[in-house]
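*Asks:* Structure incoming, see below.
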Amino acid sequence: MSMQVKSYEEMLENVNCSLCGSNEYEVVYPPQYEKAKPGNIIETFRSSGDEVLIDQLVRCRKCGLQYLNPRLRQEVILEGYSGGSDETFVSQIAGRERTFARSLDLIERLVPQKGKILDIGTAGGSFLGVASKRGWDVIGCEPSRWLAEWGSKHYNITVHAGTVFNMQFKESTFDVVTLWDVLEHTPDPKAVLKECNRILKPGGILVVNYPDIGASVARLMGRKWVFLLSVHLYYFTVKTIAEMLKTTDFDIIMRKKHWQTLELGYIFSRMQAYVSGLARLGGKIVSALGMEKALIPYWVGQSLVIARRPK
Ligand SMILES: [Zn+2]
């Protein structure tokens, strides 16, 4: 693949609000194009991508949705996701499996009969691997060809390389559709949710988690909030995710904080970008104590919403 470009700004496009279609906005954070690495877009779009936000963050004047604008052109984003490998992501599967086991406890209280489940943007397939062992009929899609293949082999499950739109599922196919840390990455979240609604059975369950920019911790951290990343194109709040789900014909049935689990050493390595001295010191102590692999639950604004396609 060749992604030779002269400058970052050349790869940008203006977009309207995905929720209400308006093009009137106010700037929340101005861009930091001087930090861009235009030759390295694939690295930016690894699933574990942690490039600090350089694009402009805006808020729609009409509906309040926050999103990147201008942003990288859609074809650049998709090409970025489909290529490259992601060993960093794969190295963290123990924590992910633990998080997903707890999530499945919750889902199985709502859907005890364990039918067909689709995970969109499944990355290395950890959620589906855990679900498959517990008796679910699982299928996944993932734009990264490398991760899709890795997940298929590692968990012995079906993960198609591509987006949900490439799959052309029949309508009313699934009992559960999940979007784990995915919706905020998609170029058109409203279109994704509409497609989820179409392929869910009536009464079927949609599970979405997202980083909530309206959460107290996000407001407190401001520009240093850990989820302000170049790969996150949308920044939902309780209000805008509710509006997004309502407009795509879902009924919200549950909302809660979503604690995730990561290895302690990895948490410190991710902190380097924000508080480098403290993170380096913390990393050394953790290493000296042999605790790099310790699994730590953490919450910095991740929210979980469960919604139902009406019967
Ligand atoms: Zn809007």
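The values are calculated or read from the model by the stated rules, or taken from the named source; none is laboratory data. Everything numeric here is computed off the predicted structure, so don't read it as measured data. With ideal geometry, Cβ positions are generated from the backbone for all residues, glycine too; neighbour counts draw on all protein chains shown. We work out accessible area using only protein heavy atoms, side chains counted, and drop any ligands, DNA or RNA first. Shrake-Rupley method; radii C 1.70, N 1.55, O 1.52, S 1.80 Å.
*Asks:* From the list V58, V76, which residue is outside any loop (DSSP other than H, G, I, E, B), among the β-branched types (V, I, T), modelled with pLDDT of 90 or more and on the phi < 0 side of the Ramachandran plot? Steps first, answer last, please.
*Replies:* On the way: V76 fails: modelled with pLDDT of 90 or more.
Within the list V58, V76, the selection yields V58.
*Asks:* Within the stretch 236-258, is there a residue that is under 26 Å from Y81 (Cβ atoms) and modelled with pLDDT under 95? Reasoning before the result, please.
*Replies:* Here is the first cut: in the stretch 236-258, the residues under 26 Å from Y81 (Cβ atoms) are 236-237, 240-241, 244-245, 247-248, 250, 258.
Narrowing the set further to residues that are modelled with pLDDT under 95 leaves 258.
Yes: one or more hits.
*Asks:* Mind checking which pairs have a first residue in the stretch 191-202 that is in the same structural domain as I120 (by TED's automatic domain parsing) and a second that is assigned to a helix (DSSP H, G or I), Cβ under 7 Å, 6 or more apart or different chains?
*Replies:* Close Cβ pairs (under 7 Å, with a partner that is assigned to a helix (DSSP H, G or I)) amount to V192/V164; V192/L183; L193/M244; L193/L245; E195/V164; E195/F165.
*Asks:* Among E149, E184, E171, which is the only one that is without any contact (Cβ under 8 Å) to a residue 24 or more places away in the chain and of a type in the set (D, E)? Outline the logic, then answer.
*Replies:* Working: E184 fails: without any contact (Cβ under 8 Å) to a residue 24 or more places away in the chain; E171 fails: without any contact (Cβ under 8 Å) to a residue 24 or more places away in the chain.
Result: E149 is the single residue among E149, E184, E171 that is without any contact (Cβ under 8 Å) to a residue 24 or more places away in the chain and of a type in the set (D, E).
*Asks:* Oh, and also: If you scan the stretch 20-36, which residues turn out to be under 16 Å from H232 (Cα atoms) and within 16 Å of the ligand (Cβ to nearest atom)?
*Replies:* V28
*Asks:* Next question, about the same structure. Of everything in the stretch 37-47 that's more than 30 Å from E243 (Cβ to Cβ) and either part of a helix (DSSP H, G or I) or modelled with pLDDT under 65 (or both), which residue is farthest from the ligand (Cβ to nearest atom)?
*Replies:* Initially, the stretch 37-47 is screened for residues more than 30 Å from E243 (Cβ to Cβ), giving 37-43, 46.
If we keep only those that are either part of a helix (DSSP H, G or I) or modelled with pLDDT under 65 (or both) as well, we get 38-43, 46.
Numbers: P38: 29, G39: 33, N40: 31, I41: 27, I42: 31, E43: 31, R46: 30 Å.
Ranking the candidates gives G39 first.
*Asks:* What is the residue count in the stretch 204-244 for residues that are among the small types (G, A, S), out of contact with any Phe, Trp or Tyr (no Cβ under 7 Å at 6 or more places or on another chain) and either over 16 Å from H185 (Cβ atoms) or open to solvent by 20 Å² or more (accessible area, probe 1.4 Å) (or both)? Before you say what the answer is, go through the steps one by one.
*Replies:* First pass over the stretch 204-244, keeping only residues among the small types (G, A, S): 204, 214-216, 218, 222, 230, 242.
Right, trim to out of contact with any Phe, Trp or Tyr (no Cβ under 7 Å at 6 or more places or on another chain) and you get 214-216, 222, 230, 242.
Remaining after also requiring either over 16 Å from H185 (Cβ atoms) or open to solvent by 20 Å² or more (accessible area, probe 1.4 Å) (or both): 214-216, 222, 242.
Going through the stretch 204-244 one residue at a time, the tally reaches 5.
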